[in-house]
Amino acid sequence: MGSGLVNSYRDLDAWKEAMNLAEMCYRLTATFPREELYGMTGQIRRAAVSVPANIAEGYGRENRGEYIQFLRISQGSLKELETHLLLVMRVGLGAEETVQPLLDQCDRVGRILRALIRSLRK
């Protein structure tokens, strides 16, 4: 899954893909109405940033158990983010063709996180 040596959390595929997801979320929410700034925009951005932030924080921890715990927090934020994105479509803030690529990226990040947790458990 990885591309060789990991010298920093920035080398982790999980972190890179989570950062791509966060960027996609920022771009999506930039199109939302101003009155959503403290509503859906804030919720989505906070959850999206939490995914790579917890991967990075976990990587910096002293032991494997703590690292895995932070990766699980990342997974929770990812599920929260997916829920917000599904609601965006349901309430008409974003069209399916606009939101689906973000949901696909959520799936990608989720798969990478699960694989990383499995590898750390060994």
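Read-outs throughout are calculated quantities, based only on the coordinates presented, and are distinct from any laboratory measurement. None of the values given here were measured: they were computed from a predicted structure. No Cβ is skipped: glycine too gets one built from the backbone with ideal geometry, and neighbour counts run over all protein chains shown.
Can you give me the distance in nm between label points at Gln69 and Arg90, each placed 7 Å from the Cα along the Cα-to-Cβ direction?
3.2 nm
Given that just one value was derived from the coordinates, which of (i) 6.2; (ii) 7.4; (iii) 9.2 is mean projected area of the Cα convex hull in nm²?
Of the listed options (i) 6.2; (ii) 7.4; (iii) 9.2, (ii) comes from this structure.
How far is helix 13-29 tilted off the main Cα axis of the chain, in degrees rounded to 10, range 0 to 90?
10 degrees
So what is the calculated 222 nm ellipticity per residue for the chain, using -39500 (n - 2.57) for each DSSP H run with n of 4 or more, over all residues, to the nearest 500 deg cm²/dmol?
-25000 deg cm²/dmol, from helical runs alone.
If packing is taken as the average number of other Cβ atoms within 10 Å across a peptide's residues, how do 11-23, 98-110, 55-67 rank, most packed first?
In decreasing order of mean packing, 11-23, 98-110, 55-67 become 11-23, 98-110, 55-67.
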